[in-house]
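A.B. asks: Next up is a structure, given as structure tokens.
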Amino acid sequence: MLEKLAKQTAIYGISTIVVRFLSYLLTPYYTRVFGLEEYGVVTDIYALIPLALTLLTMGMESSYFRFSAKADAEGGDVKAAKRRLFATTWGVTSLASAVFFVAAALFREPVAAVMGEAYVAHPDYVVWVALIILFDVWSCIPFSRLREQGRAMTFVGIKALNVVLNVVLAFGFGAAGLFATDFGVGWVFVANLAASVVTWLVMLTTVDRTVPKINAGLLMAVFAYSMPLLIGGLTGTANEFIDRQMIKYLIPDGAMAQLGIYGAITKIAVVMMLFYQMYRLAAEPFFLSNFRKEDFVAMNAAALKYYVMASMVIFLAIALFRDFFALIVGGDFREGIFILPVILGANILAGVWLNLSFWYKREEKTFFAVVVTGAGLAAMLLIGVWLIPLLGYYGAAWTRLASETTMVGVSWWLNRRFFPTPYAWGRMGEFVVVALALFFASEAFDRVVENAVAGYTFAAAMFALYLFYLVRREKIDPVALCRAALRRR
């Protein structure tokens, strides 16, 4: 069973890495085209978009996976049941996003005033961004359907089309000098909108002539499952963006510049986020399938251990060589590179509590999502109000880490109390402690020696030592592993 999860993760992973790499080409480009404050606007908008997407999709993605699995288990006309489910979830999300767009367009000036001075001169930014959200929501459930059907390559192919078109248009607009016009950053949103519209049109070819049509009875059952996920998703997404909003509203001077630096540095943690995203794409439909409880428990426990192993390898690969990764962004943004290890740690913890969430989604006790993400949001607000005015974007990084730590802690307690799972906490803690010890040893060496070549050499040795430790500790046979991978090909 875990081999299937690993295969799906690899399919999503390799493809997603390629797609996301193209997308992240925009980070070094934008941080060289725009100044700190202008890139702060880009960071701000792309932190708010996921909140709108979470609100308007209403937890329907997880609901679609769960109710599709129920249709398989119940038998009968499974195809018709899934078609009805798809039409209903697609219909309600499409309607919600249309209402949202109309409201945003009508009240664009008041919305711009609330968002800050940078938007008052360009309330049309609100309309462009609302259009992006509209078409992205219209595509969301069709994308979930592809994942449920196991059509990973089609899923990634269409995602790639979106990213490639966005990147090509962005570079094209820059070459044409449009970023230097009064509309400026607005052309970033125009490029994104064009890509989103084309993606939606292509997605229409995958829906098998199904049209959005809401079945009231089915919708009530789906809502009963998805509403706690919606509330939990909103608080969870707020955890992802509110650190940026607190920078904007709690720092009295130079807030947008600090927001620009913070956004650029968080983008450098691309590899860790890619791993988290590709794992989530594969794991969510996998673990919400109809496994026996014993199989689910065993696989979830093993999956978390291997996730932590891989995450700590990625952490060291980036944190030990962060000065090299700093070259990704423009020179003005590199002053914030010291916060990168903290951001990486927060990203790792996001994957840990994702694993710890599968049991209550499977057991349809989705209210626990509200408890977990609510605790994380409370920690974010309490600690952020204290640290961000004091330390700026460095305080924001620690605030985010504290929030993720809180969610892992609450998830651990809920799992132990209501669904005991034999996670290898001792072994996983060992992976983390050894990795951090090697990281701090490298940091100490750099402070004493102060030689770049010697520092990178020592860092490479620490990284190799960690790989050797994992191979010996887990009794991994690298040769057999490579042979097995080649045979699968």
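A.B. asks: Compute the Kirkwood hydrodynamic radius of region 376-428, taking the inverse of the mean of 1/r over all pairs of distinct Cα atoms, and give it in Å to one decimal. Mind dumping the intermediate values first?
C.D. replies: Working: mean 1/r = 0.0814 Å⁻¹.
Taking every pair of different Cα atoms in region 376-428, averaging 1/r and inverting gives 12.3 Å.
A.B. asks: Could you compute how fast region 335-479 diffuses translationally, taking Rh as the Kirkwood radius over C-alpha pairs and applying Stokes-Einstein at 25 °C with viscosity 0.890 mPa s? Give it in µm² per second. Don't skip to the end; give the middle numbers.
C.D. replies: Numbers: Rh = 17.7 Å.
After rounding, the answer is 139 µm²/s.
A.B. asks: Under unit Cβ charges (Lys, Arg +1; Asp, Glu -1), what dipole magnitude, rounded to 20 debye, does the chain have relative to its Cα centre?
C.D. replies: On the way: 41 positive and 33 negative charges, 423 e Å.
About 2020 debye.
A.B. asks: A further question on this structure: If you consider only alpha-carbon coordinates, what radius of gyration and Dmax does region 60-139 have, in Å?
C.D. replies: 18.2, 58
A.B. asks: Here's a follow-up. When the gyration tensor of region 142-271 is built from Cα positions, what are the square roots of 5 times its three eigenvalues, in whole Å, from largest to smallest? Could the numbers behind the result be given before it?
C.D. replies: Values: eigenvalues 216, 124, 40 Å².
Each semi-axis is √(5λ); the values are 33, 25, 14 Å.
A.B. asks: Efficiency by 1/(1 + (r/R0)^6): what FRET value for residue 107 and residue 280, r their Cβ-Cβ distance, R0 = 25 Å, to the nearest 0.05?
C.D. replies: Working: r = 34 Å, r/R0 = 1.35.
So, using R0 = 25 Å, E works out to roughly 0.15.
A.B. asks: Follow-up. Spin-label point model (7 Å from Cα, Cβ direction): what's the residue 467 to residue 168 distance in nm?
C.D. replies: 3.7
A.B. asks: Now a separate question. Over region 367-489, what is the mean sequence separation of C-alpha contacts under 8 Å (at least six apart), divided by residue count, expressed as relative contact order in percent? Please report the intermediate quantities before stating the final value.
C.D. replies: Working: 57 pairs, mean separation 20.4, N = 123.
Here the relative contact order equals 17 percent.
A.B. asks: In whole angstrom, and with the biggest value first, how far do the Cα coordinates of region 197-247 range along each principal axis?
C.D. replies: For region 197-247, the Cα spread along each principal axis is 46, 33, 11 Å.
A.B. asks: Further, regarding this structure: Report the charge-dipole magnitude of region 15-115 in Debye, nearest 20, computed about the Cα centre from +1 at each Lys and Arg Cβ and -1 at each Asp and Glu Cβ. Don't jump to the answer; show the numbers that get you there.
C.D. replies: On the way: 9 positive and 8 negative charges, 87 e Å.
It works out to roughly 420 debye.
A.B. asks: Express the relative contact order of the chain as a whole percentage, based on alpha carbon pairs under 8 Å and six or more residues apart in sequence. Intermediate values should be presented prior to the final figure.
C.D. replies: On the way: 610 pairs, mean separation 104.3, N = 489.
Relative CO of the chain lands at 21 percent.
A.B. asks: Work out, step by step, the length gained on full extension between residue 73 and residue 120: first 0.36 nm times the residue separation, then minus their alpha carbon distance; give nm to one decimal. Write down the numbers at each step before the final one.
C.D. replies: On the way: separation 47, 0.36 × 47 = 16.92 nm, distance 5.34 nm.
Gain on extension, residue 73 to residue 120, equals 11.6 nm.
A.B. asks: For the chain, would you read off the P(r) tail past 42 Å as a percentage of all alpha carbon pairs?
C.D. replies: In whole percent, the share of Cα-Cα pairs in the chain beyond 42 Å is 16.
A.B. asks: Full-extension gain between residue 425 and residue 176, please, as 0.36 nm times their residue separation minus the C-alpha to C-alpha distance. Could you put the intermediate results ahead of the total?
C.D. replies: Numbers: separation 249, 0.36 × 249 = 89.64 nm, distance 5.45 nm.
Contour length minus Cα-Cα distance gives 84.2 nm.
A.B. asks: On a full-extension model of 0.36 nm per residue, what is the gain between residue 205 and residue 457, subtracting their alpha-carbon distance, rounded to one decimal in nm? List each step's numbers first, then the result.
C.D. replies: Numbers: separation 252, 0.36 × 252 = 90.72 nm, distance 5.20 nm.
Contour length minus the Cα-Cα distance gives 85.5 nm.
A.B. asks: Would you please give the FRET efficiency between residue 198 and residue 440, computed as 1/(1 + (r/R0)^6) with r the Cβ-Cβ distance and R0 = 51 Å, to the nearest 0.05?
C.D. replies: Numbers: r = 47 Å, r/R0 = 0.93.
Efficiency at R0 = 51 Å is approximately 0.60.
A.B. asks: How large is the direction-averaged shadow of the alpha-carbon convex hull of region 336-391, in nm²? Before the final figure, lay out each step's value.
C.D. replies: Values: hull surface 17.7 nm².
In nm², the orientation-averaged hull projection of region 336-391 is 4.4.
A.B. asks: On to the next question. Considering all projection directions equally, how large on average is the shadow of the alpha-carbon convex hull of region 77-200, in square nanometres? Write out the running numbers ahead of the final one.
C.D. replies: On the way: hull surface 34.4 nm².
Computed as one quarter of the Cα hull surface, the answer is 8.6 nm².
A.B. asks: At 1.4 Å probe size, with no ligands or nucleic acids counted, give the accessible surface of residue 276 in Å², nearest ten.
C.D. replies: 40
A.B. asks: Moving on to the next point. If you take the charge dipole of the chain about its Cα centre, with +1 on Lys and Arg Cβ and -1 on Asp and Glu Cβ, which of 71, 95, 264 is farthest toward its positive end?
C.D. replies: Going by the Cα projections, it comes out as 71.
A.B. asks: With every protein chain left in place and a probe of 1.4 Å, what is the accessible surface of residue 253, to the nearest 10 Å²?
C.D. replies: Its accessible surface works out to 120 Å², give or take rounding.
A.B. asks: While we're here: Considering only protein heavy atoms, what is the solvent-accessible area of residue 151 at a probe of 1.4 Å, reported in Å² to the nearest 10?
C.D. replies: 80
The values are calculated or read from the model by the stated rules, or taken from the named source; none is laboratory data. Keep in mind it's a predicted model, so treat the numbers as computed, not measured. Every residue, glycine as well, gets a Cβ built from its backbone with ideal geometry; the counts of neighbours run over all protein chains shown. Please note that ligands, DNA and RNA were not included when accessible areas were found on the heavy atoms of the full protein model with its side chains. Shrake-Rupley method; radii C 1.70, N 1.55, O 1.52, S 1.80 Å.
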